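Just below is one structure, and these are the notes that go with it.
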Amino acid sequence: MPLRIDILTLFPEMFQPVLGTSIPKRAADKGLVSYHLTNVRDFATDAHKSVDDRPFGGGPGMVMMCPVVFDAVAAAEAQDPRPARRILLSPQGRVFDQRLAEELAREQRLLLIAGHYEGFDERIIEGLRPMEVSIGDYVLSGGELAAMVVIDAVVRLLPGVLGHQDGAADETFADGLLEFPQYTRPREFRGMPIPEVLLGGNHAAIAKWRLQQRKERTRQRRPDLWRAYLDKQQQQQQTAREP
Ligand code: 4FV
């Protein structure tokens, strides 16, 4: 059964170019995923089609209102009997990473809620109990780009989406290390050669060099990941030692 992805947004037109291109498009063409856009403004009931209002207690900006979001979620969920994993994109959420992408890729249905303005009325979170997900510690003008990031990272993990030419064999972060440096033709460019080991055809030596490169890069560039990697290695050795 293809993964169903519902997207609730005030700007559905933003998604066509991204979901209609490259791997997200190919995955849909292969019937491995389906995308369903819902415009939250379609559920506004007043003459001005309002979806936001001033914050109680004062302060700058506007807040997305409960009724339109609850009605939009109910309408989207009614389109398919499968229960959806509700995800609300917000800077207050769990920071998105490869492990969460792998977790979401195992779901049968995702419902992504993209906000705008200062954010959502808190009762949307209390009432709909979505998983709050952040793509990083910075403030976007809307949740749409964050939703696209999550969709791209999840869809490429679906079985049958990526062929060998697309890689994903030894995926970055899969084991907590950064990727090794890649090279392709021309062999020599503007005086820059490529590492000899890659030309020797000795696959064991190439694999050894690539792992060493991954470790070195991770240690230098991402001490947080390196720490986690060493801890995981230690745990694995510990478990291996236990009778
Ligand atoms: C965001 C993030 C993000 C905050 C208010 C849109 C904006 C408005 N979403 N990861 N970082 N959202 O900045 O996910 O709702």
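Things to note:
- Full-stretch length increase - GLN238, THR21 - with 0.36 nm per residue and alpha-carbon distance subtracted: 73.5 nm
- With 5 Å bins beginning at zero, the pair-distance distribution over Cα atoms of the stretch 100-157 amounts to 4, 16, 27, 25, 18, 9, 1 %.
- Calculated on alpha-carbon atoms, Rg and Dmax of the stretch 1-99 in Å: 15.9, 50
- Farthest toward the positive end of the dipole of the chain, out of MET131, LEU100, ALA207, is the Cα of ALA207, where the dipole comes from beta carbon charges about the Cα centre.
- Virtual spin-label span in nm between ASP175 and GLU126, 7 Å along Cα→Cβ: 4.8 nm
- Sorted from longest to shortest, the spans of the Cα atoms of the chain along the three principal axes equal 71, 46, 40 Å.
- Karplus-derived HN-Hα couplings along the stretch 6-17 (A = 6.51, B = -1.76, C = 1.60, θ = phi - 60°), whole Hz, x at Gly and Pro: 9, 10, 9, 8, 8, 9, x, 5, 5, 8, 3, x
- Residues whose placed amide H lies under 5 Å from that of SER134, excluding near-sequence neighbours: SER90, GLY93, ARG94, VAL95, PHE96
- Helical content of the chain, expressed as a calculated mean residue ellipticity at 222 nm, amounts to -11000 deg cm²/dmol (DSSP H runs of 4 or more residues, -39,500 (n - 2.57) each, divided by residue number, nearest 500).
- Evaluating 6.51 cos²θ - 1.76 cosθ + 1.60 at θ = phi - 60° for every residue in the stretch 217-232, the Karplus couplings come out as 5, 5, 4, 6, 8, 9, x, 5, 5, 4, 4, 4, 5, 4, 4, 5 Hz, glycine and proline recorded as x.
- Candidate aspartates and glutamates for bridging to LYS30, where Cα separation is under 16 Å - those fewer than 8 sequence places away on the same chain excluded: ASP152, ASP166
- 3J(HN,Hα) along the stretch 61-76, derived from phi through the Karplus expression 6.51 cos²θ - 1.76 cosθ + 1.60 where θ = phi - 60°, amounts to x, 10, 10, 6, 7, 4, x, 5, 5, 4, 5, 5, 5, 4, 5, 5 Hz, with x in place of Gly and Pro.
- Close amide H partners of LEU37, meaning residues 5 or more places away or on another chain with modelled amide H under 5 Å apart, are ILE7.
Throughout, read-outs are computed from the coordinates displayed, never taken from laboratory work. Model, not experiment: these values are computed from the prediction. Ideal geometry is used to build each Cβ from the backbone, glycine not excepted, and the neighbour counts take in all protein chains shown.
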